[in-house]
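Structure, as structure tokens:
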Amino acid sequence: MRKLVSLLVVSAVFCGGWYFLQTFEIQGLDRISLGPRGSDASRPLGDDAPALPRVERQGGAVRIASFNIQVFGEKKLANPRVRSLLADIVRRFDVVAIQEIRSKQDILPQFVDAINATGRHYDYVIGGRLGRSNSKEQYAFVFDTASIEVDRNALYTVSDPDDLLHREPLVGWFRVRGPTPDQAFTFSLVNIHTDPDETTQELDALADVFRAVRDDGRGEDDVILLGDLNVDDRHLGRLGQVSQIHWAVSGVATNTRGNKLYDNIIFSELATSEYTGRWGVFDMIREFNITVEDALEISDHMPVWAEFSLYEGGQGGRIATRPFNPSR
């Protein structure tokens with residue numbers, strides 16, 4: 001299957017070229033196909049958007065996080081205390097991959113408004129509703145526009161014609177602000193929430209997803225797969241056997257009850273030399289001085305994060321040459 005994925009990716013790039021990457025969506029696990037871009041969307045950015053302030057970062061790095069906000073919908077967002085703490089959490093990071101958005105209404109505008117209530121400038125991109133049952137979920141990326149920009153034309157959901165994944169990953173392409181565009185760190189994020197009853201099959205399939213995103217024609221070698229994997233770092237299946245693969249989170253619990261490691265941030269340690277080696281689990285209980293029961297009202301998962309250099313290749317690293325279509 002891996003050979004077929006690689007072969008068809010190369011064929012698609014050869015035949016379609018860059019035009020297709022701007023107009024069409026990459027699809028497929030056992031095979032790559034091209035189809036019209038779906039309904040993945042976010043709030044449009046107007047020409048009259050305010051000028052963004054310069055962002056000051058500690059240690060010259062951006063902090064990328066993943067957070068499964070358990071059953072994130074209208075009820076949770078309507079709780080003022082929970083909403084305030086969720087907004088506080090997101091403000092700690094430059095970009096957050098969110099899983100388990102369960103709402104028939106678009107709650108992200110209201111959530112981003114809560115995040116920006118302190119004068120920040122966050123925005124989001126979101127994928128379609130996914131899942132085999134009536135209980136659909138969405139993925140989203142929420143990011144600080146003062147420090148991160150997204151190529152909205154490169155957002156896509158990986159299609160799964162063989163139904164190997166319960167919820168197909170959402171892929172976004174990002175660049176940090178601060179360095180000149182030809183030196184700034186660019187990266188793909190692959191947002192995933194596996195089915196806890198099918199982790200063996202899904203972790204194996206994610207190995208092919210990782211390679212397919214890396215080889216999708218954009219020339220982006222910095223692929224960061226992150227989310228709720230429902231397994232620890234010792235049970236990553238074929239994903240954990242990808243050459244030079246590295247997982248940031250190891251040996252610590254990531255669930256709120258403190259007894260399971262489910263969430264992780266995974267990338268190639270050879271390609272993504274921008275990784276600083278710093279990572280962590282955001283402990284809501286200690287950070288907010290709340291009980292386990294209070295923290296469970298926020299989520300049964302803790303956010304996990306890792307830091308990456310602002311510069312492509314690391315501080316003073318190589319010059320980036322990939323074309324990028326920023327949001328503004």
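The values are calculated or read from the model by the stated rules, or taken from the named source; none is laboratory data. Quick caveat: nothing in here was measured; it's all calculated off a predicted structure. Methodologically, a virtual Cβ is constructed for each residue, glycine included, from the backbone with ideal geometry; neighbour enumeration extends over all protein chains shown. Quick note on the areas: whole protein, heavy atoms, side chains included, nothing else; ligands and nucleic acids left out. Shrake-Rupley method; radii C 1.70, N 1.55, O 1.52, S 1.80 Å.
Structure notes:
- Applying the Karplus relation 6.51 cos²θ - 1.76 cosθ + 1.60 with θ = phi - 60° to region 240-257 yields 3J(HN,Hα) values of x, 9, 4, 3, 6, 6, 9, 10, 6, 9, 8, x, 9, 6, 10, 8, 5, 6 Hz, where x marks Gly and Pro.
- Taking 0.36 nm per residue of separation and subtracting the current Cα-Cα distance, fully stretching the chain between residue 75 and residue 250 would add 59.7 nm.
- Cα extents for region 140-283 along the principal axes, largest to smallest and rounded to whole angstrom: 44, 38, 27.
- Cα-based Rg and Dmax for region 116-175, where Dmax is the largest Cα-Cα distance (Å): 14.1, 45
- Backbone geometry of region 274-289 corresponds, through the Karplus equation with coefficients 6.51, -1.76 and 1.60 at θ = phi - 60°, to 3J(HN,Hα) couplings of 6, 4, 8, x, 9, 8, x, 10, 7, 7, 4, 5, 6, 5, 9, 6 Hz, x marking Gly and Pro.
- Relative contact order %, region 171-268, counting alpha carbon pairs below 8 Å whose residues are six or more apart: 26 percent
- Accessible surface computed residue by residue for region 210-286, with neighbouring protein chains in place and a 1.4 Å probe, gives 41 Å² per residue.
- Alpha-carbon centroids, region 163-221 and region 236-262: separation in whole Å: 16 Å
- Share antiparallel - DSSP beta bridges, region 180-328, percent rounded to 5: 70 percent
- Both radii were evaluated on the Cα set of region 69-132; the Rg over Rh quotient, with Rh as the Kirkwood radius, amounts to 0.94.
- Placed amide H near residue 263: partners under 5 Å, 5+ positions off or other chain: 229, 254
- Cα Rg, Dmax (largest Cα-Cα span) when computed across region 99-222, Å: 15.8, 46
- Based on the convex hull around the alpha carbon atoms, region 172-251 presents an average projected area of 6.1 nm².
- Calculated FRET efficiency for the pair residue 294/residue 201, C-beta based, R₀ 30 Å, to 0.05: 0.25
- Where only alpha carbons of region 229-271 are counted, the Rg and the Dmax (Å): 10.8, 34
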